[in-house]
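Participant: I have a structure here, written as structure tokens, and I will follow up with some questions on it.
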Amino acid sequence: MAAFSTSSSRPYHIIIFGASGFTGQFVVEEVARTASEGPKGNLKWAVAGRNRTKLEKVVEQAAGALSKPELKSEVDILVADVSDPDSLAVMCKQAVIVLSCVGPYRFFGEPVVKSCVENGTHCIDISGEPQFLERMQLNYHDQAAEKGVYIVGSCGFDSIPADMGVIYTRDQFKGTLTSIESFLTASAGTEGGCIHDGTWQSAIYGLADSNKLRSLRKKFGHKPLPVVGAKIKRRGTLFYSNELQQYAIPFMGSDPSVVKRTQRYLNEELTESPVQYGAYVGVGGISNIFKLVFAGLMFFFLVKFSFGRNLLIKFPEFFSFGFFSKEGPTRKQMEGSSFRFIFLGEGYTEGSEPNEGKPNSKIRTLVKGPEPGYVATPIAMVQAALTMLNESDSLPKTGGVYTPGATFAKTTIVDRLNKHGIQFSVL
């Protein structure tokens with residue numbers, strides 16, 4: 001198995017690659033904030049990217065934001081570029097774990113994964129792109145397993161709250177949990193809120209390539225997961241949620257894909273009973289629905305054509321009603337924003353036979369936290385890395401390309417997240 005400790009030739013526990021990107025700068029601050037939680041209370045870390053000057057500014061900004069001027073002299077800076085495999089290899093050989101912050105991952109993610117696998121380095125990313133995540137599993141899982149390397153995708157808001165929320169709910173349920181629905185809502189403060197357009201670009205290319213995702217999935221040759229208990233009922237495209245007291249739609253992100261992959265791993269590798277999953281997001285009242293329908297129709301039409309995709313990428317604020325922007329949210333906007341995931345689970349009490357009759361027990365849980373994209377995501381990513389470093393004995397027995405749930409199901413990551421503001425509770 002690839003090492004989880006530093007050495008003279010591998011001096012850093014963590015290297016943040018893509019540290020000068022919009023999300024990367026907040027990951028840098030979170031690593032600096034939690035460095036005392038590293039092995040033996042001392043996390044050794046560095047930042048990396050294409051441009052040394054930009055990286056120096058990121059470290060300087062983190063030093064100012066955290067009132068830690070020592071960061072400017074203590075944090076090493078490495079220059080590496082996804083278009084230069086040799087520079088990636090030099091970087092990877094120096095790290096126990098690379099935190100990959102180089103989205104859209106469909107364009108920039110694979111060279112990092114490839115170099116990590118080849119050089120015996122673990123890798124964590126925050127991709128919300130199912131096609132990238134599943135392609136990495138298809139192409140690199142066996143090689144990573146041979147090397148004892150853990151490649152763990154979607155370790156940000158996509159998809160740690162959902163994936164670990166399902167596992168938390170199952171662990172709290174007394175009996176056999178057979179299905180879960182999650183309902184996501186996000187709130188902005190008086191300053192409003194938005195998302196950086198890097199996420200918008202990932203959505204554009206993901207939808208444009210949706211046919212390729214279907215063909216990719218066929219290559220796995222998976223058998224359907226067994227359905228335990230009553231089959232979950234899928235809701236409509238738009239419905240009123242009594243749970244949220246607002247209208248809701250199916251969640252279009254990576255959570256359903258990631259949770260299903262986790263449940264497959266738990267069922268096939270650990271012979272645990274799989275949980276069916278449906279994911280939904282609240283969209284508010286009638287006025288929001290009109291905006292959503294208009295924006296959705298425009299998006300689905302334009303994304304099919306090259307000129308349309310270029311328009312969407314050039315004018316994210318216009319086509320998303322200000323929900324996405326090239327500048328991203330301000331720090332004040334982040335401070336006022338938050339998210340809530342409600343999980344509704346059904347199953348069978350201990351001693352009941354899951355395949356006989358309707359579910360006879362329910363559970364409600366909540367995962368809530370700060371602004372999802374640039375506060376909760378760095379927290380989740382960094383806690384995932386610290387969990388790997390501190391609890392390597394609780395990870396899957398072999399390396400490979402895994403989901404967060406598959407990687408961390410037997411660890412204390414939920415406790416760690418609770419201490420850092422992403423809170424799991426039974427309602």
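Participant: Can you return the aspartates and glutamates within cross-link range of residue 212? Criterion is Cα-Cα under 19 Å, with same-chain partners fewer than 8 residues away left out.
Facilitator: Qualifying aspartates and glutamates at Cα under 19 Å: 110, 129, 134, 255.
Participant: Lysines near residue 358 by alpha-carbon distance under 20 Å, same-chain residues fewer than 8 away left out - which ones?
Facilitator: 174, 231, 233
Participant: So, one more: Which percentage, to the nearest 5, of the DSSP beta bridges contained in the chain is antiparallel? Can you show the working numbers first?
Facilitator: On the way: 34 of 65 bridges.
Here the share of antiparallel DSSP bridges comes out near 50 percent.
Participant: OK, next. Taking 0.36 nm per residue of sequence separation and subtracting the Cα-Cα distance, how much length would be gained by fully extending the chain between residue 423 and residue 331, in nm to one decimal?
Facilitator: Working: separation 92, 0.36 × 92 = 33.12 nm, distance 2.15 nm.
The span from residue 423 to residue 331 would gain 31.0 nm if fully extended.
Participant: For the stretch 283-297, what does the Karplus curve 6.51 cos²θ - 1.76 cosθ + 1.60, with θ = phi - 60°, yield as ³J(HN,Hα) per residue in whole Hz, taken in order and with x for Gly and Pro?
Facilitator: 10, x, x, 4, 4, 5, 5, 4, 4, 4, 5, 4, 5, x, 5
Participant: Measure off 7 Å from each Cα along the Cα-to-Cβ vector at residue 90 and residue 245, then give the distance between these two points in nanometres to one decimal.
Facilitator: Each label point is offset 7 Å from its Cα along the Cβ direction, giving 5.9 nm.
Participant: With unit charges on the beta carbons (Lys and Arg positive, Asp and Glu negative) and the dipole taken about the Cα centre of the stretch 160-369, which residue among 247, 330, 177 sits farthest to the positive side?
Facilitator: Of the candidates, 247 comes out farthest on the positive side.
Participant: On a 27 Å Cα-Cα criterion, which of the cross-link pairs 147/368; 72/368; 93/218; 219/368; 114/218; 40/93 come out too long? The partial results should precede the final answer.
Facilitator: Details: 147/368 36 Å; 72/368 34 Å; 93/218 34 Å; 219/368 36 Å; 114/218 23 Å; 40/93 22 Å.
With Cα atoms farther than 27 Å apart: 147/368; 72/368; 93/218; 219/368.
Participant: Using alpha carbons only, what's the Rg to Rh ratio of the stretch 241-371 with Rh from Kirkwood? Working shown, then result.
Facilitator: Numbers: Rg = 19.6 Å, Rh = 18.5 Å.
Reported Rg/Rh, Kirkwood definition of Rh: 1.06.
Participant: How large is ³J(HN,Hα) for each residue in the stretch 125-134, as worked out from phi by the Karplus curve 6.51 cos²θ - 1.76 cosθ + 1.60 (θ = phi - 60°), to whole Hz, x for Gly and Pro?
Facilitator: 10, 10, 5, x, 10, x, 5, 5, 4, 6
Participant: Could I ask something else about it? Quickly work out the residue 237-to-residue 190 label distance, labels modelled 7 Å from Cα along the C-beta direction, and quote it in nm with one decimal.
Facilitator: 4.0 nm
Participant: Here's a follow-up. Diagonalise the Cα gyration tensor of the chain and give the resulting equivalent ellipsoid semi-axes, square root of 5 times each eigenvalue, largest first, whole Å. Could the numbers behind the result be given before it?
Facilitator: On the way: eigenvalues 209, 144, 91 Å².
Gyration-tensor ellipsoid for the chain: 32, 27, 21 Å.
Participant: In the chain, once you exclude exposed trypsin sites (Lys or Arg not before Pro) (DSSP loop, at most 15 other Cβ within 10 angstrom), what's the longest stretch remaining? Please list the in-between numbers first.
Facilitator: Values: sites that count: 93, 174, 231, 233, 234, 235, 304, 326, 397, 410.
The answer is 1-92.
Participant: Between the stretch 325-376 and the stretch 154-233, how many Å separate their Cα centres?
Facilitator: Taking the Cα centre of the stretch 154-233 as reference, the centre of the stretch 325-376 is 11 Å away.
Participant: Output wanted: per-residue J couplings in Hz (rounded whole) for the stretch 250-256, from phi through Karplus 6.51 cos²θ - 1.76 cosθ + 1.60, θ = phi - 60°, x for Gly and Pro.
Facilitator: Whole-Hz 3J(HN,Hα) from phi for the stretch 250-256: x, 6, 8, x, 7, 3, x.
Participant: Determine the gain in length on full extension of the stretch residue 291-residue 174; use 0.36 nm per residue of separation and subtract their C-alpha separation, reporting nm with one decimal.
Facilitator: Details: separation 117, 0.36 × 117 = 42.12 nm, distance 4.22 nm.
Answer, rounded to one decimal: 37.9 nm.
Participant: Suppose each label sits 7 Å from its Cα in the direction of the beta carbon; what would the residue 222-residue 1 distance come out to in nanometres?
Facilitator: Taking the simple label geometry, residue 222 and residue 1 are separated by 2.5 nm.
Participant: If the label point is 7 Å along Cα→Cβ of residue 252, which residues in the stretch 320-336 have backbone nitrogen under 16 Å from it?
Facilitator: Within reach of a label on residue 252: 320-325.
Participant: Find the accessible area per residue for the chain; the probe is 1.4 Å, ligands and nucleic acids are left out, and the unit is Å². Display every interim value, and only then the final one.
Facilitator: Numbers: 19340 Å² over 427 residues.
Accessible surface, normalised per residue, equals 45 Å².
Participant: Return the FRET efficiency for the residue pair residue 307, residue 51: r is the Cβ-Cβ distance, R0 is 51 Å, and the value is rounded to the nearest 0.05.
Facilitator: Numbers: r = 31 Å, r/R0 = 0.61.
Approximately 0.95, to the nearest 0.05.
Participant: While we're on this one: Report in % the part of the accessible area of the chain that belongs to carbon and sulfur, leaving out ligands and nucleic acids; probe 1.4 Å. Walk me through the intermediate numbers first.
Facilitator: Working: 10020 of 19340 Å².
The nonpolar share, carbon plus sulfur, comes to 52 percent.
Participant: Please go through the stretch 42-72 and write out the GluC sites (Glu not before Pro) that DSSP classes as loop and that have at most 14 other C-beta atoms within 10 Å. The partial results should precede the final answer.
Facilitator: Details: sites: 56, 60, 70; in loops: 70.
Here the sparse-neighbourhood loop sites are 70.
Participant: Before anything else, pin down the relative contact order of the stretch 160-369: Cα pairs under 8 Å, at least 6 apart, normalised by residue count, whole percent. Present the calculation step by step, with values, prior to reporting the outcome.
Facilitator: Working: 323 pairs, mean separation 84.5, N = 210.
Reported as a whole number, the value is 40 percent.
Participant: Using only DSSP helix segments of four residues or longer, with each worth -39500 (n - 2.57), what per-residue ellipticity at 222 nm results for the chain after dividing by its residue count and rounding to 500?
Facilitator: Numbers: 18 runs with 180 residues, N = 427.
-12500 deg cm²/dmol, from helical runs alone.
The values are calculated or read from the model by the stated rules, or taken from the named source; none is laboratory data. This one's a predicted model, so the numbers in the text were calculated from it and none came from an experiment. Ideal geometry is used to build each Cβ from the backbone, glycine not excepted, and the neighbour counts take in all protein chains shown. Note: areas computed on protein heavy atoms with side chains; ligands, DNA, RNA excluded. Shrake-Rupley method; radii C 1.70, N 1.55, O 1.52, S 1.80 Å.
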